[in-house]
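First up is the structure itself, then whatever we jot down about it.
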Amino acid sequence: MSPDAHPPRIVCFMCNWAFCEEEMRIPYNVDIIRVMCVGRMDPVLVLETFINGAEGVMLVGCKPSDCHFVDGNLHAQRAVKMLKKLLALTGLEPERLKLLLISPLEDRDFSHYAKEFTEEVWKLGNSPLSKEEIVANLAAAKEAVSAFRLRVLLGREEELTEFMNAYGEKIPEEEFEALLDGIVKAEFIRYKIHYLTRVKPRSVKELAQILGIRPSAVLRHITNMRRKGMITLDKVEGYTPLYKALEVR
Amino acid sequence: MDDLIYWVEHSNMLLRRVGSRLTEKARKLPPCRAACPAHVNVQAYVALIQRGMFKEAVEVIRRDLPFPAICGRVCFSPCEDACARVNLDQAVAVRALKRLVADIEREQGRVVAQPLPKKYNEKVAIIGAGPAGLTAAYELAKLGYPVTVFERMAEPGGMMRYCIPDFRLEKFVVANEIAYIEDLGVEIKTGVEFGKDITVESLRKDGYKAIFIAIGTQLGMKLNVPGEDLEGVINAVDFLRAVALGKKIAVGERVAVIGGGNTAIDAARTAKKLGAKEVMILYRRSREEMPALPHEVELAEKDGVKFYFLVAPKQIIGENGRVKAVECLRMRLGEPDETGRRRPIPIAFSEHQYEVDMVIPALGQVVETSVLPPELLSKDKRGPPLQVDPLTLETDISGVFAGGDVATGPASIIEAVGAGKRAAVSIHRYLRGEDLRKDRDEERIEETTWVKDWRLLEKKERRYEPPVEKPHLSFEEAKAYLEKLKSQARFEAFRCLGCGPCAECLAGMELCEGDKAVVDEGKCVGCNVCAIICPVGAIKKNERGVAQVNEELCKGCGLCAARCPERAISMQKLSNEQILAMVLTALER
């Protein structure tokens with residue numbers, strides 16, 4: 001069923017309050033790390049886990065009404081939604097990330113869920129992490145979720161979609177979704193550019209080729225990044241300007 | 001005003017997560033803990049029950065209350081009355097949960113407690129081994145004092161042993177909880193009578209540096225009607241005590257119990273169980289004004305006890321020196337008196353008789369003033385017989401403290417426990433030469449709950465009803481039965497909202513050891529995301545525009561740390577770096 005004889009390595013971040021049975025049967029390919037609430041999972045940590053070689057990441061929390069911290073699980077849901085969008089851009093299958101919300105009393109058998117997820121990940125085959133491009137993409141994605149823009153969007157999502165923004169407007173779900181898509185993509189491309197130009201100075205044309213987007217779009221991103229102090233003009237080769245990344249904080 | 005500003009600031013959040021600001025002095029507690037006279041950490045042990053950690057739950061109860069099983073049976077549970085969940089559906093069944101964990105611990109064999117080390121030399125004498133005295137002894141032993149408890153009766157326990165009948169509170173339960181206190185190194189001397197065998201002076205001569213008088217209220221109050229000396233009239237306290245001592249009591253065929261408190265109900269049910277054909281309770285107010293616990297009244301009705309309301313005895317009629325009947329007057333209810341209950345007013349010419357051969361007055365108890373040193377008694381005959389400071393429990397004699405029923409009049413076990421704890425604090429401070437009044441916890445307790453909008457919470461009806469009587473089961477059945485009870489209890493515990501800040505319960509766990517968020521002020525840009533995210537409203541911007549964590553409210557969930565756009569917030573215990581290190585070790589395996 002799979003080209004790989006070994007089951008995939010899976011890291012499971014589990015809410016302290018979910019599955020509190022002391023004797024829990026855990027498949028040997030799964031590692032459990034307890035956190036206070038699934039909402040506590042920083043998107044950066046999830047990506048770091050992938051970068052460090054996990055083939056699947058599972059987040060386990062309580063059912064929406066059971067959360068000990070009101071809506072920590074809903075925060076986790078939002079983070080997972082965003083991470084999946086980001087993972088799709090990096091080339092790593094979004095299915096390798098799963099959020100499981102269960103009732104700590106009704107579902108006692110964790111091993112069942114763990115096995116199910118293992119099968120799912122196994123079907124996807126070997127982690128494409130060996131490919132250099134995906135490593136680079138994940139590193140860029142990690143930078144993107146460490147930065148202000150995506151995080152603030154994530155933090156304010158509930159406020160914007162369920163309540164109201166500072167102007168008394170409520171953003172409809174679809175509109176927010178489109179906004180999120182756009183920002184995730186833009187941020188990912190910017191940090192990818194940042195990653196690429198860190199290695200050596202590159203021209204717009206070269207970047208456009210690697211990223212597979214139009215040069216004008218690359219230039220727009222670069223202008224934006226220069227304003228933020230993420231990138232600078234290194235030198236001009238002939239008529240072609242070459243850009244070099246600056247260290248951000 | 002401050003509240004309003006905060007309100008406006010967050011008005012876009014449906015006003016839900018507005019954490020209350022703390023004054024410097026107040027100690028914010030969840031409503032259940034604030035309402036409990038002994039301030040038992042209810043939220044903490046309920047949280048442990050959620051996780052199935054029943055043994056640890058008992059340990060948490062014992063931090064504040066040495067009688068988990070006793071209070072699990074007979075406490076009037078002010079915690080449940082205060083429970084914030086009543087706004088939504090019903091209170092969490094706190095008492096039943098406490099009873100279950102204590103019973104499981106006792107039945108599985110309690111670990112014998114080790115005597116506590118003695119840190120101090122000053123001996124403390126405690127007079128009366130009731131709930132107040134034993135709690136004071138327990139608390140002082142925990143502080144490291146050598147404590148001796150003197151008890152007049154043959155067995156310690158006071159009213160818990162001699163007044164509450166066996167069917168409500170089993171004697172072995174009381175014995176077990178007292179044995180725990182004795183295991184800690186408290187010496188209990190029984191058969192020593194205060195005022196006769198020992199006095200304040202003799203105790204001083206024996207080297208006791210502080211004395212706590214907790215003799216309770218031992219005398220039943222008189223009816224003050226003619227015919228009280230007839231044969232067949234026995235006071236409820238004496239009646240229950242005699243039954244508890246195993247004395248043969250000739251219970252009449254028709255018994256009238258006069259009064260509406262828990263003692264009246266206990267006496268009536270005891271009389272019924274001892275073989276009385278008909279037992280009636282005569283109470284001068286109506287059912288609503290009865291001080292007895294409602295479910296006890298129901299149980300009494302199930303036992304076949306009859307209730308006659310709005311009647312008061314006028315005289316007891318005798319024949320050949322024996323009770324023949326009680327003559328009563330009908331009453332009507334007037335204006336509420338100082339206790340808030342409506343005052344009964346007799347209706348003229350409404351005399352009627354009940355044919356009985358036994359009368360048990362249960363009107364309450366009074367202090368046996370004859371045993372107390374005369375200088376302690378108050379001159380005012382109408383007020384309480386003993387003058388004590390309500391906060392510190394000091395009496396007029398330096399080094400002598402008094403508390404519990406003896407100072408407050410007959411009350412409940414949990415109030416006596418609260419008095420015992422206060423006395424222990426006072427005695428400790430007195431012996432260490434500290435100010436008795438400064439920063440007393442009792443004075444600065446405030447309730448708190450983070451829930452502001454109840455509409456956002458899901459209703460979950462109370463499903464857990466504790467077993468009234470233990471069924472007779474085989475070993476296998478009993479095991480399954482216990483498992484069922486445990487799982488029910490966990491369901492019930494999950495109804496707890498966790499109103500207060502961190503419950504300090506999971507001391508033995510790696511994770512939530514009072515984890516708190518810390519803000520790196522240099523990095524914070526004041527975007528307010530953390531304040532929106534925080535489920536308990538523990539974070540808000542201060543006057544410099546920097547996020548500030550209110551440590552007393554923070555529950556350590558880490559949601560803010562996970563979302564801070566500038567990553568300026570980190571957790572003290574479980575930081576991002578630590579989680580990453582855990583991931584790395586896991587993946588290296």
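The values are calculated or read from the model by the stated rules, or taken from the named source; none is laboratory data. Bear in mind that the values here come from a model prediction, so they are computed numbers and not experimental data. Methodologically, a virtual Cβ is constructed for each residue, glycine included, from the backbone with ideal geometry; neighbour enumeration extends over all protein chains shown. Surface areas here come from the heavy atoms of the whole protein model, side chains and all, with no ligands, DNA or RNA. Shrake-Rupley method; radii C 1.70, N 1.55, O 1.52, S 1.80 Å.
Using a 1.4 Å probe on the protein heavy atoms, what percent of the accessible area of the protein assembly as shown belongs to carbon and sulfur?
52 percent
Once you keep just the Cα pairs under 8 angstrom separated by 6 or more residues, what percentage relative contact order results for chain A?
17 percent
Which lysines, if any, have their Cα less than 22 Å from the Cα of B:LYS484, not counting same-chain residues under 8 positions apart?
Excluding near neighbours in sequence, the set is B:LYS55, B:LYS98, B:LYS460, B:LYS470.
Any chance you could run the full-extension gain for B:GLU193 through B:ASP81? It's 0.36 nm times the residue separation minus the Cα-Cα distance, nm to one decimal.
Result for the pair: 36.5 nm of gain on full extension.
Take peptide B:576-582, look around each residue's Cβ out to 10 angstrom, count Cβ atoms belonging to other protein chains, and average those counts.
Partner-chain Cβ atoms within 10 Å, mean over residues of B:576-582: 5.
Could you compute Rg(Cα) / (2.2 N^0.38 Å) for chain A, with N its residue count?
1.13
Within 10 Å of each Cβ in B:563-573, how many Cβ atoms from other chains are there, averaged over the peptide?
Mean shielding count: 4.
Restricting attention to segment A:169-235, which GluC sites (Glu not before Pro) occupy a DSSP loop and are surrounded by at most 14 other Cβ atoms within 10 Å?
A:GLU169
By a straight-distance test (C-alpha under 16 Å), which aspartates and glutamates pair with B:LYS438 as possible cross-link partners, with residues fewer than eight away in the same chain excluded?
Answer for B:LYS438, where 16 Å is the Cα cut-off: B:GLU24, B:ASP389, B:GLU394, listed by chain and number.
If you take the C-alpha gyration tensor of segment A:106-249, multiply each eigenvalue by 5 and take the square root, what semi-axes do you get, largest first, in whole Å?
34, 25, 13
Mind ranking B:ARG463, B:ARG284 by accessible surface for me, highest first, 1.4 Å probe?
Descending accessible area places them as B:ARG463, B:ARG284.
A:LYS85: which lysines have alpha carbons under 18 Å from its alpha carbon, excluding same-chain residues fewer than 8 sequence positions away?
A:LYS98, A:LYS142, A:LYS185, A:LYS192
When only Cα pairs under 8 Å and 6 or more residues apart are kept, what is the percent relative contact order across segment A:147-245?
23 percent
Which of the peptides A:76-84, B:565-573 is most tightly packed, and how do the rest follow, judged by the mean count of other Cβ atoms within 10 Å per residue?
The most tightly packed comes first, giving A:76-84, B:565-573.
Taking a 22 Å limit on the Cα-Cα distance, which of the listed pairs B:LYS248/B:LYS277; B:LYS171/B:LYS486; B:LYS222/B:LYS314 fall beyond it?
Pairs exceeding 22 Å: B:LYS171/B:LYS486.
Compute the relative contact order of chain B as a whole-number percentage, counting only Cα pairs closer than 8 Å that sit 6 or more residues apart in sequence.
18 percent
Quick check: convex hull over the Cα atoms of the protein assembly as shown, volume per residue in Å³, rounded to an integer?
209 Å³
Hey, how much of the P(r) for chain B falls beyond 38 Å, as a percent of Cα pairs?
In whole percent, the long-distance tail amounts to 41.
Which GluC sites (Glu not before Pro) does segment A:50-122 hold that lie in a coil by DSSP with at most 10 other beta carbons within 10 Å?
A:GLU106
State, to one decimal in nm², a quarter of the convex hull surface area for the C-alpha atoms of segment A:10-130, i.e. the direction-averaged projected area.
6.9 nm²
Do the alpha carbons of any pairs in B:LYS142/B:LYS189; B:LYS459/B:LYS479; B:LYS119/B:LYS421; B:LYS123/B:LYS189 sit beyond 22 Å of each other, and which pairs?
Among B:LYS142/B:LYS189; B:LYS459/B:LYS479; B:LYS119/B:LYS421; B:LYS123/B:LYS189, the Cα-Cα distance tops 22 Å for B:LYS459/B:LYS479.
Report the B-A buried area as the accessible area lost on both sides summed, probe 1.4 Å, in Å² to the nearest 100.
4800 Å²
Residues of B:522-534, mean number of Cβ from any other protein chain within 10 Å of their own Cβ, rounded to a whole number?
Per residue, the average neighbour count from other chains is 3.
Order the peptides B:37-49, A:212-224, A:57-69 from the highest to the lowest mean number of other Cβ atoms within 10 Å of their residues.
B:37-49, A:57-69, A:212-224
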